[in-house]
Amino acid sequence: MIVARGDEAELRRVAVDLAETAAAHVRARRPEVFGQAGGPAEGAVQAKGHPTDPVTIVDTETEDLIRGLLAEQRPGDPILGEEGGGSLADSAADVVHWVVDPIDGTVNFLYGIPGYAVSVAALRGGRPVAGAVVDVARRATYSAGLGLGAIRVDAEGAVEHLRCTPVETVSMSLVATGFAYGKHRRARQAQLIAEVLPHVRDIRRFGAAALDLCHVAAGRVDAYFEHGLNAWDWGAGALIAAEAGARLTLPPATVPGEAGDLVVAAAPGIADELAMLLDRIGATEPIPDR
């Protein structure tokens, strides 16, 4: 159990500042890199672990920007980033680690679909204590601090205090999910969705885990589950969902996405029923990437 220590408000402020600055960079760079026709400049996109898993020059630029700003504002704090790596090995209770996803939803970014975000989280003892997720295209900032609640601030500055939906039955729930890039995991995920679908109102797949978790917090979906996320995918969004009342199932932050562990965020009224459904169909078992 992670206990609030009194600096969560400051860590939240830093997370918001970093994520909003980075989001402005992403927003400005997309038309420069992809041009009016939507095609990327030469060398702007490469593949990572799977041929269908892209990383763009804007991903790496943005993470470098965040790392530089953190070095100025929080010198000495360790950083784990999706593109630049790092480690959470030192999980001492007094060490603040920063976990960064410079563009969550890179495929959406690549295609110009307005569903990608910058995610920045501060972790202590392996659990998030502050975080921010910026929906880049919509210019909306989601943020939370441990024990401080969760909010959404829109482009005009209007503040929404986030709460999960009051849904009480899985049969009436709108559930978000996501799919991996590896063929084995993707095939198993498709099987699980086929088994979940008859028991819920409907399924949504938006393509950015951090935003999916924020949608649970904001009541735009009732639950979200996915296998194989890394800490940078869920670090900020999980805290935002939890502070909005969601019930969470998370792997240790040190467990890599390749292990295929399950992440779940659900409105409290359906959390137990959804957990039983996922257990019954075998969804609680990891799906390793191979």
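Quick rundown of the values:
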quantity	calculated
Residue list for the range 162-199, restricted to those being aliphatic (A, V, I, L, M) and touching a helix residue (DSSP H, G or I) at 6+ places or on another chain (Cβ under 6 Å)	L162, V170, A176, A180
Qualifying positions in the range 67-76 - closer than 14 Å to H97 by Cβ and either in contact (Cβ under 8 Å) with a residue 24 or more places away in the chain or assigned to a strand (DSSP E or B) (or both)	R67, L70, R74
Test: residue in the range 81-94 that is under 17 Å from the mean Cα position of the chain (by Cα), at pLDDT 95 or above and surrounded by 22 or more Cβ atoms within 10 Å (Cβ to Cβ)	no
In the range 141-155, the residues that are in contact with a strand residue (DSSP E or B) (Cβ under 7 Å, 6 or more places away or on another chain), in contact (Cβ under 8 Å) with a residue 40 or more places away in the chain and not in a strand (DSSP E or B)	L146
Lone unmet requirement of (1) open to solvent by less than 30 Å² (accessible area, probe 1.4 Å); (2) at pLDDT 95 or above for P166	(1)
Boolean, V107 is over 14 Å from the mean Cα position of the chain (by Cα), outside any loop (DSSP other than H, G, I, E, B) and surrounded by fewer than 17 Cβ atoms within 10 Å (Cβ to Cβ)	yes
Some residue of the range 118-140 being in a strand (DSSP E or B), over 14 Å from N230 (Cβ atoms), open to solvent by 10 Å² or more (accessible area, probe 1.4 Å) and in contact with a Leu (Cβ under 6 Å, 6 or more places away or on another chain)	no
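The values are calculated or read from the model by the stated rules, or taken from the named source; none is laboratory data. Everything numeric here is computed off the predicted structure, so don't read it as measured data. Every residue, glycine among them, receives a Cβ derived from its backbone with ideal geometry; neighbour counts consider all protein chains shown. Side chains included, ligands, DNA and RNA excluded: accessible areas come from the protein's heavy atoms. Shrake-Rupley method; radii C 1.70, N 1.55, O 1.52, S 1.80 Å.
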